[in-house]
Amino acid sequence: MYIPKFFKAYELVPPEIYKIYGEDSLMFISEEMKETIDAIRVFFTDQSGKDTKVHVNNWFWNGPYKSRGYRDPFTDVVAKFSQHKFGRAIDFTVSGWFADDVRNRIEDFSKHFPHIHRMERDVSWVHIDSHPDYKDKRIYLFNPRPVECAFCYSTGSNSIFIITPSILI
């Protein structure tokens with residue numbers, strides 16, 4: 001099992017999981033994501049010319065983030081098949097960098113990150129995942145699903161119809 005060099009388990013899993021499994025909680029994060037988050041830290045330290053922090057969860061230090069890595073499969077906080085629930089996604093920020101700049105660098109230097117298959121765009125953090133359906137393609141950028149969406153339906157084209165709770169009333 002790959003043990004991250006720059007991250008402890010409590011930075012990658014929620015407190016409920018860490019309380020039960022401790023550092024063994026790393027078993028819930030895919031090998032690819034553990035290797036990738038370390039590679040991101042090394043890459044952005046090299047790009048900055050100084051030690052650069054990559055922030056995932058900060059609940060251990062009484063911060064608000066606790067589910068930016070692995071998420072309990074039974075949580076209803078995110079999509080039913082979120083890659084976070086399979087240990088194949090991580091949300092993070094990089095000290096001193098805007099999220100768009102981080103995404104652009106990852107795209108430009110994608111050969112350094114072979115396990116990143118998808119990134120979420122138009123958010124103030126960076127979401128990466130290794131969704132298995134996208135592994136043989138260039139990094140796929142996707143739009144976040146609207147929080148207010150009660151029911152989203154794709155016609156198979158580029159159109160998505162959204163029915164919000166206010167419409168359902």
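Residue-level check: of (1) on the phi < 0 side of the Ramachandran plot; (2) out of contact with any Asp or Glu (no Cβ under 9 Å at 6 or more places or on another chain), residue 49 misses just (1). Picking from residues in the stretch 22-45 that are among the hydroxyl-bearing types (Ser, Thr, Tyr) and under 19 Å from residue 105 (Cα atoms), the one that is surrounded by the fewest Cβ atoms within 10 Å (Cβ to Cβ) is 45.
Among residues of the stretch 18-42 that are within 22 Å of residue 131 (Cβ to Cβ), those with a beta-carbon under 7 Å from a residue that is surrounded by 20 or more Cβ atoms within 10 Å (Cβ to Cβ) and basic (Lys, Arg) at least six positions away or on a different chain give the pairs 26/34; 30/88; 33/88. Out of all the residues in the stretch 75-90, is one or more over 14 Å from residue 43 (Cβ atoms), in contact with a Phe, Trp or Tyr (Cβ under 6 Å, 6 or more places away or on another chain) and buried (at least 19 other Cβ atoms within 10 Å of the Cβ)? Within the stretch 75-90, one or more residues are over 14 Å from residue 43 (Cβ atoms), in contact with a Phe, Trp or Tyr (Cβ under 6 Å, 6 or more places away or on another chain) and buried (at least 19 other Cβ atoms within 10 Å of the Cβ). Residues that are hydroxyl-bearing (Ser, Thr, Tyr) and part of a helix (DSSP H, G or I) were ranked within the stretch 14-31; the one that is nearest to residue 85 (Cα to Cα) is 25. Filtered by the rule that a residue be assigned to a helix (DSSP H, G or I) and of a type in the set (Lys, Arg), the stretch 32-79 gives 34, 41. Residues in the stretch 47-81 that are touching a residue at least 12 places away in the same chain (Cβ under 8 Å) and among the charged types (D, E, K, R) were compared, and the one that is farthest from residue 112 (Cα to Cα) is 72. With the stretch 117-169 as the region, which strands (runs of 3 or more DSSP E) entirely inside it contain at least 1 residues that are modelled with pLDDT under 55 and over 30 Å from residue 96 (Cβ atoms)? Because the criterion is at least 1 residues that are modelled with pLDDT under 55 and over 30 Å from residue 96 (Cβ atoms), the strands (runs of 3 or more DSSP E) in the stretch 117-169 that meet it are 151-154, 160-163.
The values are calculated or read from the model by the stated rules, or taken from the named source; none is laboratory data. Keep in mind that what you see is a predicted model, and the values were worked out from it rather than measured. Cβ coordinates were reconstructed from backbone atoms using ideal geometry, including for glycine residues, and neighbour counts include every protein chain displayed.
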